[in-house]
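Read the figures in this text as sums done on the coordinates, not as results from a lab. Just so we're clear, the structure is a prediction, and the values are computed from it rather than from any experiment. So basically every Cβ, Gly included, is an ideal-geometry build from the backbone, and we count neighbours across all protein chains shown.
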């Protein structure tokens, strides 16, 4: 076998290898091959081994069918109550129709990202700051419904949309802190007032019951003195009911003067003159 023959065989083998490489394709389990034959769309290929016609007759686009995580760049949004907030989000979506994702949109990843950004600004612009901070579940659901409705013709199913972070200006953070402190003080005063009101009602009811029983009032008075005198180092000054000392304040009764007597007869009578 001459050298030229060996070279020809090697060249043929290389040609066959290149032909096989350009003809035989492999799609993984989570991939599908969208094939265009002379510019026309044909059936999907894969998963597994499939072949195409080389020399520019068939063109293949491999589409991943797994759930894709797309992070929405940070957006500066003005809420409905004129508060500027910087918000970013993350989208979880999946290609359900590989042919539609290739044929109906130029770049479905870029298109989904742009739709998410514009929808994020529109929805948050119609929401207040309180809704953004306290009602994220509703906002996430609304974002998912709007984005999914717009990407459905592209064969894309949006699973969920999650707001990641909301950044406020430093001045707004201080204002919210003062507002929260004022709200806490307001609730504390309301709770204290309600407690005093309930205590006053209970005391009024107790006083009404005790007033019908004088003995109960006296017992309560003595119990109060006992509680106040539990500390031996304390000095208690308490009023005495006027009824207890009124007899002592009455006018004194005059006592008769003593008279000297002799054998039981007053001396004054012995010295009186006898009438003749």
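Rank-order 89-96, 160-167 by packing density, defined as the average count of other C-beta atoms within 10 Å over each peptide's residues, highest first. Intermediate values should be presented prior to the final figure.
Values: 89-96: 19.0, 160-167: 15.5.
Descending mean neighbour count gives 89-96, 160-167.
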field: Share of alpha-carbon pairs per 10 Å distance bin for region 1-98, given as whole %
entry: 13, 25, 19, 17, 13, 8, 3, 2, 1
- prompt: When ranked by the protection proxy of mean other Cβ atoms within 10 Å per residue, highest first, what sequence do the peptides 66-78, 185-197, 26-38 form?
  reply: 26-38, 66-78, 185-197
query: Using r as the Cβ-Cβ distance of residue 194 and residue 130, and R0 as 22 Å, what FRET efficiency do you calculate, to the nearest 0.05?
result: 0.30
Kirkwood Rh (inverse of mean 1/r, distinct Cα pairs), region 19-64, angstrom: 10.5 Å
- request: Could you work out the Kirkwood radius for region 68-168, taking every pair of different alpha carbons, averaging 1/r and inverting it, reported in Å?
  value: 13.7 Å
message: Suppose R0 equals 25 Å. What FRET efficiency, 1/(1 + (r/R0)^6) with r the Cβ-Cβ distance, do residue 90 and residue 152 give to the nearest 0.05?
response: 0.80
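For the pair residue 61 and residue 162, what calculated FRET efficiency results from E = 1/(1 + (r/R0)^6), where r is the Cβ-Cβ distance and R0 = 30 Å, to the nearest 0.05?
Numbers: r = 29 Å, r/R0 = 0.98.
Efficiency, rounded to the nearest 0.05: 0.55.
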